[in-house]
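The values are calculated or read from the model by the stated rules, or taken from the named source; none is laboratory data. What you are looking at is a predicted structure, and each value in this text was computed from that prediction instead of being measured. Methodologically, a virtual Cβ is constructed for each residue, glycine included, from the backbone with ideal geometry; neighbour enumeration extends over all protein chains shown. When the accessible area is computed, the model is the full protein with side chains, heavy atoms only, and any ligands, DNA or RNA have been set aside. Shrake-Rupley method; radii C 1.70, N 1.55, O 1.52, S 1.80 Å.
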Amino acid sequence: MWKTILRRVLLMIPQVIILSILIFMLAKAMPGDPFTGLINPNQDPAVIEQMRQAAGLNDPWYVQYFRWIGNALQGDFGQSFLYKRSVSDLIGERIVNTLYLSILTVIITYLIAVPLGMLAGRYQNSFLDKAVVIYNFFSFAVPLFIFGLIMLFVFGYRLGWFPTSGSQTLGIQGGFFTQLIDRMKYIILPSITQAFLATAVTIQYLRSEVIDSKSLDFVRTARSKGVPTNKVFSRHIFRNAALPMASQMGYEITSLIAGSVVIEKIFGYPGVGKLFIDSIGQRDYTVITSLVLILGIATLIGTLLSDIIMSIVDPRIRIQ
């Protein structure tokens, strides 16, 4: 398996090169540049042109590309035009916030989806199953931005149970656990909001697989040997039904990191999603290209991670 993983990693190299070229060209195709917002009747156009020249924006695209990718290989993604800071430091701070949010969202998603999917499949066509199906339709149909605004209004503004923006209380003192508890107050509400709507696919996969697995030969054999029903479902059916869910786990982790744009914008949470939207609005090319490249690489790693998880869950499956 290690040889296969190494081959997959080597295969990622040309994929990353192609991805970086596409990202750079699409960013350059955007109208305007970081200095477009400075144009006004009182601003001398010659000064703005000098700023573009000093930033290297007038160089040929291939010169700009090789300069950018050469520095990126050394961990230097340049300076942010908007924040006047190193892009590496800026993304490093924001991605920590997004990782906290994504990890908690994944945990809550599976804490909700696994029991509901198993119970709905086990008690097919019962009242419980119908209630789970209705919840699944709701979570699948409701747009995230509408549900997020409702949750923010009810639990943030009306009830005041959670903060309405930010990621941590300014000036808070204390050790690691004090900092963690304070951070959790800002993460719980957006995590629960995102998790409620992220359970639909997992519940549907698990419910369908449990229903199909109940009629398979190995389940009949276990029942004929007198294995208790709870053990049949927990050890035999669940392990077989969890394969599709496990195959999506790597994708879900990376997709939550990349797809947290809406939830971070609604809750004013300073993660990479909000940073990405703000950078697009201000044509901050260095931040845009760096974020898309990092998230693209994370997606490639997610595909490899899903295959590894599959082989761990079911020893019969090996990466070929």
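Within the straight-line cut-off of under 20 Å between alpha carbons, the lysines reachable from residue 130 are 214, sequence neighbours fewer than 8 places apart in one chain being disregarded. Determine which residues of region 92-121 fall in the zone a paramagnetic label at residue 212 would reach in this model, i.e. backbone nitrogen under 16 Å from the point 7 Å along Cα→Cβ. Counting only backbone N, you get 118, 121. Heavy atoms of the protein chains alone define the surface here; on that basis region 115-192 has 63 Å² accessible area per residue at 1.4 Å probe size. Among the trypsin sites (Lys or Arg not before Pro) within region 76-168, those in coil by DSSP and having at most 15 neighbouring Cβ atoms inside 10 Å are 84, 85.
Under a 5 Å amide H cut-off, with hydrogens placed 1.01 Å from N, residue 79 pairs with 87 among residues at least 5 apart or on other chains. In straight-distance terms, cross-link reach from residue 185 covers every one of the lysines whose alpha-carbon lies under 21 Å from its own, apart from those fewer than eight places away in the same chain; here that gives 265, 274.
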